[in-house]
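J.: One structure follows; several queries about it will come next.
The values are calculated or read from the model by the stated rules, or taken from the named source; none is laboratory data. Being a predicted model, the structure only gives us computed values, none of them experimental. Cβ placement follows ideal geometry from the backbone for every residue including glycine, while neighbour counts extend to all protein chains displayed. Accessible surface is based on the protein model in full, side chains and every heavy atom, while ligands, DNA and RNA are left aside. Shrake-Rupley method; radii C 1.70, N 1.55, O 1.52, S 1.80 Å.
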Amino acid sequence: MAYKILVIDDEKLIRWTLEQHLVREGYEVVTADSAEKGLQLINEEAPDLLLLDNRLPEMTGLELLEKLNVPERGIMVIMITAYGLVETAVKAMKLGAYDYISKPFNLEEITFVIRKALEAGSLRSQVKQLRGKVDAIIGETDMMLRVKDLIAKIAKSDATTVLIQGESGTGKELVAKAVHSGSLRAERPFMAINCAALPLTLLESELMGHEKGAFTDAKAAKKGLFELADGGTVFLDEIGDMDISMQAKLLRILEEKSFRRIGGVKDIKVDVRVISATNQDLSRAMNEGRFRKDLYYRLQVVPIMLPPLRDRGRDILLLARHFTDHFNRECHKSVQGISKEAEQVFLSYPWPGNVRELKNVIERAMIFEIDKEIMPEHLSPEILEQHAAPMDSSLTPVSLDCLTIPESGISIEEVENALVKKALEMAGGNQTRASQLLKMPRDAFRRRMKRFGLI
Ligand SMILES: Nc1ncnc2c1ncn2[C@@H]1O[C@H](COP(=O)(O)OP(=O)(O)OP(=O)(O)O)[C@@H](O)[C@H]1O
Ligand SMILES: [Mg+2]
C-alpha cells in the first residue's frame, strides 16, 4: 500500500509541484491550503506524513503542531521553513516534527527526507506496537519484568523456537501472541492448535495437511497449519500431551524446515516460528519416557517460565484492578476498585487457576450491585475459606533462583536476608503469608525483618 502524504501550503504552485512530484514517486497525495483544512484532512485521511509550511494564513504550522499532539498520533511531520529561520525549525522539532527543510528546496532533497522519515516512522510504529503488546501483559514484579524483557528480545530475533512453561491460566497464550505480534511476522498468521484435544491422526493432518485420497475421508487436498502459517507463527499448545510418534514427526519438521502432506510426495518448505506451551513438567515427562529429549532441547531454545499467580505478590492486585477496569468497560459499570479486606483475601488465596481464575472471580464479583468497591462478600465461599486455611506446602515451591553464590562467597546471614525479602515480595508484603512461605513462626519472621532493617 502506498504511503499517504498530506501537503499543507498556501501557495498553489508549491502544492501543485509537490503533488506532481510525489505522485510520480509512488505516493498518494492530498493537499490543503490552510491549517484548518489540514487538520480536517489529518482526521479524515489519516496520512502517514505531513509536509507542513509554517507560514500559513490565520493559524501557523507551529500552532497546528501544538494542536496535533504529534508523538501520540504517530504521524511523521516535515516542516517547511523560510530560509534562515532556525528558531522555527527548533520549535517544530520540539513539538515532535521529524525534520525540516528550508525554502527554497529542491525536489531531490524533499524525496530523500521523506523516505528517511517514513522509514523511521514504520520503525517507530513497530516499536509502539510491540510495546503495546508487552504492555497488555500486566506485571511489575521482578519475575514478570524479566519475562517482558525476554519477550521483547525474542520478538526481535526472528526465528528462535520458544517454549513457554507455566501452570494452567498463567498467561501462556497471551505471551505467545505478544511474541508474535512484536515480531516482523506480525502481519502474517498466528495459528494455534491444542495438541491435547485431538486424536493422533487428526492432529497430524491438521498440522501437515493431506492430499486428496490420502485416507478415506480425504475428499479433497487440505493445507495443514504449517503451510497456512507460512511466514508467521505456529503455537503448539499443551505440547506435553503430544503423542510420542507425532513428536518424532514434529522434530523432523523443525530440523528440516520442510515436510510432506499426508499421502503427498512433494517436500513443502515453510518458514514458521514455533512457539509451544505446556503446563506439565516436561523434564519429568522426559524422565518417564513420555517426551523425547531431542525434541525438548529443540523446542526450548529459549525457555520462558511463567510463575504461578500466588508467587507474584502485588501483581495480584494490579491484575485485579486491571480486570475490574476491563469489566467496567465491558458491562458499563463503575466499580471503583478493590477494598482493603478483599485485597488481603486476594493476596493470601493460592490461586490454583492463576490469572484466568482471578479474571473469573472479578467478573463474578461484578455481577453484584456494588456500591463502591469489591468487598469480601462479593467473593465465593471457597475463596474466603481457602484464604483462611493454611497453605498446602506442595503448592508453593520456593524458588532459589533469586540467589546465586558469588565467587567471593556469601554468608548464611545474607542468604536469610535475601530469602526474607523474596518471601515478602511473593506475599505482596503480607507478613503472615511470607512467614508461612518460609515455614517460620510469625514472630521469628518479624525478628528477622527487624534485624535486616525491613521494619
Ligand atoms: N499478565 C497478564 N496480564 C493481563 N492478562 C493476563 C495476564 N496473564 C493472563 N492474562 C489473561 O488471563 C487469561 C488466561 O490466560 P492464557 O489463556 O494466556 O493462559 P494459559 O496459560 O494459556 O492457560 P491454559 O494453560 O489454561 O491454557 C486470558 O484472558 C489472559 O488474557
Ligand atoms: Mg492456553
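J.: Quick one: which residues, 5 or more positions from THR81 or on another chain, have an amide H under 5 Å from its amide H? H modelled 1.01 Å from N in the peptide plane, none for Pro or chain starts.
T.: Placed amide hydrogens put ILE101, SER102, LYS103 under 5 Å from THR81.
J.: In the chain, what percentage of the DSSP-assigned beta bridges are antiparallel, given to the nearest 5?
T.: Working: 4 of 42 bridges.
Here the share of antiparallel DSSP bridges comes out near 10 percent.
J.: Moving on. Once you have a ≥ b ≥ c as the square roots of the Cα gyration tensor eigenvalues for segment 151-244, tell me rounded if a/c is under 1.5, and otherwise prolate or oblate according to whether a/b is larger than b/c. Provide the component values of the computation, followed by the final result.
T.: On the way: a/c = 3.07, a/b = 1.55, b/c = 1.98.
Oblate is the answer for segment 151-244, as a/c is 1.5 or above yet b/c matches or exceeds a/b.
J.: If I compute solvent accessible area with a 1.4 Å probe over the protein chains, what percent of it on the chain is carbon and sulfur? If you can, show how the numbers build up before the last one.
T.: Numbers: 12450 of 23890 Å².
That fraction is 52 percent.
J.: Another one. With a Förster radius of 51 Å, plug the Cβ-Cβ distance of LYS439 and ILE367 into 1/(1 + (r/R0)^6) and report the FRET value to the nearest 0.05.
T.: On the way: r = 38 Å, r/R0 = 0.75.
So, using R0 = 51 Å, E works out to roughly 0.85.
J.: Here is a further query. Label-point separation (nm) for ILE455 and LYS4, each offset 7 Å from Cα along Cα-to-Cβ?
T.: Going by the 7 Å Cα→Cβ label model, 6.2 nm.
J.: Non-local amide H neighbours of ARG273 (under 5 Å, H modeled in plane, Pro and chain starts lacking H): which ones?
T.: Placed amide hydrogens put GLY232, THR233, VAL234 under 5 Å from ARG273.
J.: Next up: Apply the Karplus parameterisation 6.51 cos²θ - 1.76 cosθ + 1.60, with θ equal to phi minus 60°, to every residue of segment 369-382 and state each ³J(HN,Hα) to the nearest whole Hz, in sequence, with x for glycine and proline.
T.: Coupling constants for segment 369-382: 6, 9, 5, 9, 10, 6, 10, x, 5, 8, 9, 6, x, 4 Hz.
J.: With contacts defined as alpha carbon pairs under 8 Å and 6 or more residues apart, what's the relative contact order of segment 398-451 in percent?
T.: Relative CO of segment 398-451 lands at 27 percent.
J.: May I pose another question? No solvent, one uniform scatterer per C-alpha: report log10 I(q)/I(0) for the chain via the Debye equation at q = 0.06, 0.09, 0.14 1/Å, two decimals.
T.: So the normalised log intensities work out to -0.43, -0.86, -1.18.
J.: Leaving out ligands, DNA and RNA but keeping every protein chain, what accessible area does TYR3 have, in Å² rounded to the nearest 10, with a 1.4 Å probe?
T.: Estimated to the nearest 10 Å², TYR3 gives 90 Å².
J.: With the other protein chains left in place, how much accessible area per residue, in square angstrom, belongs to the chain at a 1.4 angstrom probe?
T.: Working: 23890 Å² over 455 residues.
Result: 53 Å² per residue.
J.: Taking a threshold of 18 Å on the Cα-Cα distance, which of the pairs LYS340/LYS422; LYS249/LYS293; LYS177/LYS293; LYS340/LYS439; LYS340/LYS450; LYS156/LYS177 fall above it?
T.: Values: LYS340/LYS422 23 Å; LYS249/LYS293 14 Å; LYS177/LYS293 26 Å; LYS340/LYS439 25 Å; LYS340/LYS450 25 Å; LYS156/LYS177 14 Å.
From LYS340/LYS422; LYS249/LYS293; LYS177/LYS293; LYS340/LYS439; LYS340/LYS450; LYS156/LYS177, over 18 Å: LYS340/LYS422; LYS177/LYS293; LYS340/LYS439; LYS340/LYS450.
J.: From the phi angles alone, apply the Karplus equation (6.51, -1.76, 1.60; θ = phi - 60°) to segment 298-309 and give each ³J(HN,Hα) in whole Hz, x where the residue is Gly or Pro.
T.: Along segment 298-309, the couplings run 5, 6, 9, 3, 10, x, 10, 9, 9, x, x, 4 Hz.
J.: Shifting gears a bit: What do you reckon, how do SER283, SER435 stack up by accessible area (1.4 Å probe), largest on top?
T.: Ranking SER283, SER435 by accessible area, largest first, yields SER283, SER435.
J.: Using a Cα-Cα cut-off of under 14 Å, which aspartates and glutamates could be cross-linked to LYS223, ignoring same-chain neighbours fewer than 8 residues away?
T.: Answer for LYS223, where 14 Å is the Cα cut-off: GLU204, GLU206, GLU211, ASP267, listed by chain and number.
J.: Here are some pairs, LYS67/LYS103; LYS148/LYS421; LYS333/LYS372; which of them have Cα atoms lying more than 20 Å apart in this structure?
T.: On the way: LYS67/LYS103 24 Å; LYS148/LYS421 22 Å; LYS333/LYS372 11 Å.
Violating the 20 Å Cα-Cα cut-off are LYS67/LYS103; LYS148/LYS421.
J.: Where a ≥ b ≥ c are the square roots of the eigenvalues of the C-alpha gyration tensor, would you call segment 311-394 rounded, which needs a/c under 1.5, or, failing that, prolate if a/b is larger than b/c, or oblate?
T.: Details: a/c = 2.01, a/b = 1.65, b/c = 1.21.
Prolate is the answer for segment 311-394, as a/c is 1.5 or above and a/b outweighs b/c.
J.: To continue, here is another question. List the relative contact order of segment 4-127 as a percent without decimals, with contacts defined as Cα pairs under 8 Å and 6+ residues apart.
T.: Working: 190 pairs, mean separation 27.0, N = 124.
Here the relative contact order equals 22 percent.
J.: Rounded to the nearest 500, what is the chain's calculated 222 nm mean residue ellipticity when only DSSP H runs of at least 4 contribute -39500 (n - 2.57) each, over all residues? Provide the component values of the computation, followed by the final result.
T.: Working: 20 runs with 216 residues, N = 455.
For the chain, the value works out to -14500 deg cm²/dmol.
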